[in-house]
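What follows is calculated from the coordinates using simple rules that are stated; it is not laboratory data. As the structure is a computational prediction, the values presented were derived from the model and not from experiment. Because the Cβ atoms are built from the backbone with ideal geometry, glycine has one as well, and the counts that use them run over all protein chains shown.
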Amino acid sequence: TVRLEGDGRLGPAADDYRGTSAAYGYEGTPLSVVPEMIALAGIKDDDVVYEPGCGDARVLIAAMNAGARRGLGVDIDPNLAEVAYAAVKARGLQDKVEIRWGNALAVDMSNATVVFLFMGEAFNMIMRPLLWKALPIGARVVSNDFAMGDWTPDRTIRVDTPGRPYTLYLWTINQEIKARAARRN
């Protein structure tokens, strides 16, 4: 992954990827749903937030505004990574929020205490064993619209918007989950 800094432009390194990454699709979390995700996560001042597929960084920015200590967002789309960095920089949060361009699956999440997801059920199922293994006990995972197979959420809420309803899921990493992850290795 490549960390965005300075002017936030990836330049020639990303030019080959521009336009092709649109195939991944992007649907930002509606602004009316973001506060519900932040509340469901129970953001605290010592939280380190990770968001794979961070889009324009609206959830990360909201988490910082709610008091989180640090954040990391990764997007595979170089254009979105640049947009996310510009949004973070415009709010003066570049010392608290790191934005990277690259593969979100290759990022060390072991320091994260909150992970926000809105990437689809297939991605969630790929992430699930990584989350189980990497995240510390007590870390929370909030997913917008997509469950994680047979991993029963601690809490599920529905958020109605003018466009459509969204379902938010919350899971907490516990000793049982850590043991399950260890058995799978």
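Brief remarks follow.
- Each of Gly73, Ala104, Met125 was placed along the dipole of the chain (beta-carbon charges, centred on the mean Cα), and the one lying farthest toward the positive end is Met125.
- Reach of Lys89 by Cα under 19 Å, taken over aspartates and glutamates that are not fewer than 8 positions away in the same chain: Glu5, Asp7, Glu51, Asp56, Asp75, Asp77, Glu98
- Pair-distance distribution P(r) for the chain, from all Cα-Cα distances in 5 Å bins starting at 0: 1, 8, 18, 21, 21, 16, 10, 4, 1, 0 percent.
- Secondary structure note: in the chain, about 45% of the DSSP beta bridges are antiparallel.
- In sequence order, region 73-81 has phi-based couplings of x, 10, 9, 6, 8, x, 5, 5, 4 Hz under the Karplus curve 6.51 cos²θ - 1.76 cosθ + 1.60, θ = phi - 60°, and Gly or Pro positions carry x.
- Extension gain, Arg164-Arg184: 0.36 nm per intervening residue step, less the Cα-Cα distance, totals 3.5 nm.
- Amide hydrogen neighbours beyond the local backbone of Val115, cut-off 5 Å, H modeled: Tyr50, Arg140, Val141, Val142
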